[in-house]
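Asks: Starting off with a structure, shown below.
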Amino acid sequence: LGGATVVSATEFPIYEGATARCEVVSAGSPRERAAAELLIETVVAMGGPRLPIEAKPTGARPAIHVGGTDLARRFAAEFPAGCDRDAFQIRLADPTNLVLLGKCPVATGYAVREFLETYGGVLWVWPGEGGTAIPKRCAWRPDVVSKTDVPAFGMRRFTGVSDDMCAAFRLQTENPDEFRGLYSHNSWKVIPKSEWATHPEYFNW
């Protein structure tokens, strides 16, 4: 994804040793909840503790807001006017609240993966066992840079790529809430054969 707007950088505590220094807040759609679970499972794979997940902030510790929490929704108006629905924000609302918010639930997953890649060094390389690289760390206090990211292309799709890897690569699957329309084999409907006589250049594929 491209078109990032950088705002500020501040350290945010996630864990130290076996101690969780923050909680995850998510009360949105199943997609947003899955994004929150991905964050939690990845922290465990790093060697950290299982971060607590709450429907609302408890106030006991800093919070990572995944998706449309009450606080995160305040930033929905800060997406660029008319931007693609797959845009997302990584935003430090204040020293104790980090927001990972997509313009749609699918994009919230992109925000979480971007955060894990940028600040956790996580890489999704290929499907299956051994295809994900997750660095081990005894503590995680990343210097978070607030930004809004907008896709450079509205349609991002390759055939033969699993849904999990599509999410990792910010590609769209054929799920109804992601798919942007027919292409390739739909060309004959867009440009009918009757156009050949006057516009043969339309058929250069």
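Asks: Is it possible to state the helix-based mean residue ellipticity at 222 nm for the chain, with each DSSP H run of 4+ residues giving -39500 (n - 2.57), the sum divided by total residues, to the nearest 500 deg cm²/dmol? What is it?
Replies: -6500 deg cm²/dmol
Asks: Once you put a point 7 Å from the Cα of residue 45 and another 7 Å from the Cα of residue 10, both along the Cβ direction, what distance in nm separates them?
Replies: Simple spin-label model gives 3.0 nm for this pair.
Asks: For the stretch 133-155 and the stretch 19-57, what is the separation of their C-alpha centers, rounded to whole Å?
Replies: Going from one Cα centre to the other spans 15 Å.
Asks: Can you tell me, using C-alpha contacts under 8 Å and at least 6 residues apart, the relative contact order of the chain as a whole percent?
Replies: 25
Asks: Ok, one more. For the chain, give me the percentage of DSSP beta bridges that are antiparallel, rounded to the nearest 5 percent.
Replies: 70
Asks: Right, something else. Cα gyration tensor of the stretch 98-178, axes a ≥ b ≥ c as square roots of the eigenvalues: rounded (a/c below 1.5), prolate (a/b > b/c) or oblate?
Replies: Verdict is oblate for the stretch 98-178.
Asks: Ranking request for peptides 52-63, 152-163: highest mean number of other beta-carbon atoms within 10 Å first, then the rest in descending order.
Replies: Packing order, densest peptide first, comes out as 52-63, 152-163.
Asks: With θ set to phi - 60°, apply the Karplus curve 6.51 cos²θ - 1.76 cosθ + 1.60 along the stretch 42-50 and write out the HN-Hα couplings as whole Hz, x wherever there is a Gly or Pro.
Replies: 5, 4, 4, 5, 5, x, x, x, 7
Asks: Quote the charge dipole size of the chain about the Cα centre in Debye, to the nearest 20; the model charges only the Cβ of Lys and Arg (+1) and of Asp and Glu (-1).
Replies: For this selection, approximately 160 debye.
Asks: For the pair residue 37/residue 195, report the inter-label distance in nm, with labels modelled 7 Å from Cα in the Cβ direction.
Replies: Rounded to a tenth, the inter-label distance reads 4.5 nm.
Asks: Which value, in debye to the nearest 20, describes the size of the charge dipole of the stretch 42-158 about its Cα centre when Lys and Arg Cβ atoms bear +1, Asp and Glu Cβ atoms bear -1, and nothing else is charged?
Replies: 140
Asks: A follow-up question, please. Helix 105-120 against the longest principal axis of the chain: what's the angle in degrees, Cα atoms only, rounded to the nearest 10?
Replies: With rounding to tens, the tilt is 60 degrees.
Asks: Assuming a ≥ b ≥ c are the square roots of the Cα gyration tensor eigenvalues, decide whether the stretch 29-101 counts as rounded (a/c under 1.5), prolate (otherwise, with a/b larger than b/c) or oblate.
Replies: Prolate is the answer for the stretch 29-101, as a/c is 1.5 or above and a/b outweighs b/c.
Asks: Check which residues have an amide H placed less than 5 Å from residue 144's amide H, if you skip close sequence neighbours.
Replies: Amide H neighbours of residue 144, under 5 Å, 5+ apart: 10, 11, 12.
Asks: With only Lys, Arg, Asp and Glu charged, each at its Cβ (+1 for the first two, -1 for the last two), find how big the charge dipole of the stretch 15-95 is about the Cα centre; round to the nearest 20 debye.
Replies: With Lys and Arg at +1 and Asp and Glu at -1, about 120 debye.
Asks: What accessible area per residue comes out for the chain, rounded to a whole number of Å², with a 1.4 Å probe?
Replies: Result: 52 Å² per residue.
Asks: What is the percent carbon and sulfur in the accessible area of the chain, measuring with a 1.4 Å probe over the protein chains and ignoring ligands?
Replies: About 57 percent, which is the carbon plus sulfur part of the accessible surface.
The values are calculated or read from the model by the stated rules, or taken from the named source; none is laboratory data. Bear in mind that the values here come from a model prediction, so they are computed numbers and not experimental data. Heads up, the Cβs are rebuilt from the backbone with ideal geometry, glycines too, and the neighbour counts pull from every protein chain shown. Accessible surface areas use protein heavy atoms only, side chains included; no ligands, DNA or RNA. Shrake-Rupley method; radii C 1.70, N 1.55, O 1.52, S 1.80 Å.
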